[in-house]
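Following: one structure in structure tokens, then a few remarks.
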Amino acid sequence: MARVILLTSDSNFQDKRKMITILAGGTGSVKLVRGIASQTRDLSVISNVGDNYWLYGLYICPDIDTMLYGLADILDTEKGWGIKKDTFGFLRQMEMLGEETWFKIGDRDASIHLMRTNMLKNGKNLSDITEWMCQKFAIDTKIIPVTDNSVETRIVTNKGELHLQEFWVKYKGQDKVEGIKYLGADKARANPAAVNAIHDSKLVIIAPGNPLTSIGPILSIKGIRKELAKSKKKVVVVSPLIGNAAVSGPAAKYLEAAGIEVSVYGLAKMYSEVASHMIIDSADRLHTRKIENLDMKVYETKIKMKEKKDEESLASFIMKQMHV
Ligand code: FO1
């Protein structure tokens with residue numbers, strides 16, 4: 001009897017039976033994405049766009065770029081953003097020309113923003129540009145901006161409202177946070193590729209990104225939230241908290257301002273509409289029973305990813321528990 005062997009060399013080939021989608025933004029997310037990417041090629045990443053920022057006429061997409069650099073293994077892992085060993089000649093020149101230089105754009109990093117901005121001006125959308133960048137960096141993982149429309153994360157402080165980058169980088173997160181807004185989210189159209197990725201995946205992971213400034217803007221888009229709620233049974237959240245502190249970054253400050261309890265239980269309540277499983281740190285096991293009462297299945301493990309081997313072992317743990 002003849003045997004048919006299907007061979008494919010198409011790097012875009014994806015086996016939908018095993019496809020994994022990760023909702024991501026920021027440094028914590030990149031570590032987990034790298035871990036999962038080390039085990040499968042059938043991976044899509046839906047990226048936050050809320051912290052995108054226009055500066056010197058350049059369109060900067062920090063979460064997309066951090067993901068690109070992380071997967072291409074050129075990320076400056078000390079800082080958690082930018083390209084390792086980048087130089088800053090461009091920025092020094094901008095300073096000499098009298099511009100503000102609080103946002104540290106490296107020379108190689110600048111070329112990405114420049115290309116992106118030119119491509120936007122030539123009529124391409126952010127999804128096409130990001131796909132092109134993935135090809136240039138020879139990345140198998142699909143990076144999908146959650147929307148091609150503008151959604152801007154604004155931090156409401158006691159001194160007024162600021163773009164996230166201004167609040168966190170320019171003013172070093174000093175002011176009292178009174179709230180968070182996702183400007184444009186109500187009108188933004190969910191990227192159809194993102195909705196399809198959620199629909200087609202066997203497993204959807206909400207990465208351990210900042211719940212309100214990395215994941216929040218993604219969930220603020222109606223089409224995404226609706227698809228996740230429908231797919232809830234295959235959605236797992238990875239906690240970005242251990243105890244009442246974030247593994248990294250200002251998550252606790254934003255959660256407090258939004259009136260959300262800073263604990264894995266507070267997060268579980270926040271995510272319970274769109275997820276049915278949660279990975280928490282073993283140190284938080286006291287909350288397990290309460291989270292299970294929200295009809296969520298809980299898995300305890302070590303969630304801190306200091307080294308590559310931690311990224312890979314957390315990824316294996318998730319895939320094993322979720323039967324992928
Ligand atoms: N974060 C900083 O704390 N300081 C910076 O000067 C800075 C520059 C920067 C340049 C490009 C880029 O893609 C990211 C950059 N970030 C910087 C990180 C960024 O502000 C945030 O961490 C993310 O937006 C949150 O995900």
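A short reminder: the numbers here are calculations on the coordinates, not readings from a lab. If you're wondering where the values come from, they're calculated on a predicted model, not measured in any experiment. Counting neighbours? That spans all protein chains shown, and the Cβs are built from the backbone with ideal geometry, glycine included.
At a glance:
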quantity	calculated
Residue-averaged 222 nm ellipticity for the chain, from DSSP H runs of 4+ at -39500 (n - 2.57), nearest 500	-10000 deg cm²/dmol
Ranking of Ile36, Ile83 by count of other Cβ atoms within 10 Å, fewest first	Ile83, Ile36
Rg to Rh, two decimals, where the chain supplies the alpha carbon set and Rh follows Kirkwood	0.97
Net charge contributed by nearby residues that have their C-beta within less than 12 Å of Ala283 (K/R +1, D/E -1)	0
Too-long pairs where the Cα-Cα distance tops 21 Å, listed order kept, from Lys230/Lys297; Lys181/Lys233; Lys85/Lys304	Lys181/Lys233; Lys85/Lys304
Evaluated at q = 0.12, 0.18 Å⁻¹: base-10 log I(q)/I(0), Debye formula over Cα of the stretch 35-163	-0.50, -1.08
Residue-wise HN-Hα coupling along the stretch 237-254, computed from phi with Karplus coefficients 6.51, -1.76, 1.60 (Hz; x: Gly, Pro)	9, 9, 5, x, 10, 10, x, 10, 10, 6, 4, 8, x, x, 4, 4, 4, 6
Cα-projected label distance for Ser38 with Lys297, points at 7 Å along beta-carbon direction, nm	2.5 nm
Hull volume in cubic angstrom per residue (convex hull over the Cα atoms of the stretch 224-301)	89 Å³
Footprinting exposure proxy for Asp42, Asp295, Asp310 (fewest neighbouring C-beta atoms within 10 Å first)	Asp295, Asp310, Asp42
Directionally averaged shadow of the stretch 167-239, computed from the convex hull of its alpha-carbon atoms, nm²	6.0 nm²
Cα-based reach from Lys226 at 13 Å (exclusive), listing aspartates and glutamates while leaving out same-chain residues under 8 positions away	Glu273
Neighbourhood charge, 12 Å Cβ-Cβ cut-off, centred on Lys104 and excluding it, Lys, Arg +1 and Asp, Glu -1	-3
Cα Rg over Rh - the stretch 190-324, Kirkwood	0.94
Amide H within-cut-off set for Val45, under 5 Å, with H built and near neighbours excluded	Ile22, Lys142, Ile143, Ile144
3J(HN,Hα) from dihedral phi, the stretch 71-80, Karplus parametrisation 6.51/-1.76/1.60, rounded to Hz, x for glycine, proline	6, 7, 6, 10, 5, 6, 6, 5, 7, x
Formal net charge of residues neighbouring Lys230 (Cβ-Cβ distance under 13 Å; K, R +1; D, E -1)	+3
Packing-based exposure ordering (other Cβ within 10 Å, fewest first) of Asp73, Asp200, Asp109, Asp63	Asp73, Asp200, Asp109, Asp63
Length-normalised contact order for the chain - Cα pairs under 8 Å, 6+ apart - percent	19 percent
